[in-house]
């Protein structure tokens, strides 16, 4: 008699999902834009709030810092303005031959800056929570 042995469920589903390069996920944090969370259907919001309450109840005893979230993207070094360069830990100056050189925080010259991507601050493309409801993508046709 054949046995239908289902693949066992993962014991790390959050890690598994976020390791697949999910929007808002970094190696150490998950950012959920408030405008999008507040725009979810009511039932989703109720479940989400329940999960957040459970998380905060279980880990509220830890010393949580305040977080400053900065919208950022991986951009080419040569495409950044002076402010973005500084925020990413780089600067551009004229080299001894009069050419533009990009240097990192250790003052090392960046080789091939036209191919070097860094995490740089950008204008937030998502609306703030004060903007009200954000309409989701329409459902796929059946």
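Some notes on this structure:
- Judged by the mean number of other Cβ atoms found within 10 Å, the most tightly packed of the peptides 85-98, 59-72 leads the ranking 85-98, 59-72.
- Once the Kirkwood radius over Cα pairs is known for segment 74-118, the Stokes-Einstein relation at 25 °C and 0.890 mPa s delivers a diffusion coefficient of 235 µm²/s.
- Label point 7 Å beyond Cα of residue 126 along Cβ direction - residues of segment 67-101 with amide nitrogen under 15 Å: 68-73
- Theoretical FRET efficiency, 1/(1+(r/R0)^6), r = Cβ-Cβ of residue 57 and residue 134, R0 30 Å, to 0.05: 0.60
- Pairwise FRET efficiency - residue 7 versus residue 82, Cβ, R0 = 41 Å, nearest 0.05: 0.20
- From the coordinates shown, volume of the Cα convex hull per residue in Å³ corresponds to which of [x] 263; [y] 104; [z] 90: [x]
- Acute angle (nearest 10 degrees) that the helix 42-59 long axis makes with the longest principal axis of the chain, alpha-carbon atoms: 80 degrees
- Prolate/oblate/rounded call for segment 13-66, Cα gyration tensor, a/c under 1.5 rounded: oblate
- Residues residue 70 and residue 94, FRET efficiency given R0 of 35 Å [Cβ-Cβ distance, rounded to 0.05]: 0.75
- By the helix-only formula, in which each DSSP H run with n ≥ 4 contributes -39500 (n - 2.57) and the sum is divided by residues, the chain has a 222 nm mean residue ellipticity of -7000 deg cm²/dmol.
- Cα→Cβ-extended label distance, 7 Å offset, between residue 36 and residue 119, nm: 1.7 nm
Every number here is computed from the coordinates shown, using simple stated rules; none is lab data. These figures come from a predicted structure and were not determined experimentally. Virtual Cβ from ideal backbone geometry, glycine too; neighbours counted across all protein chains shown.
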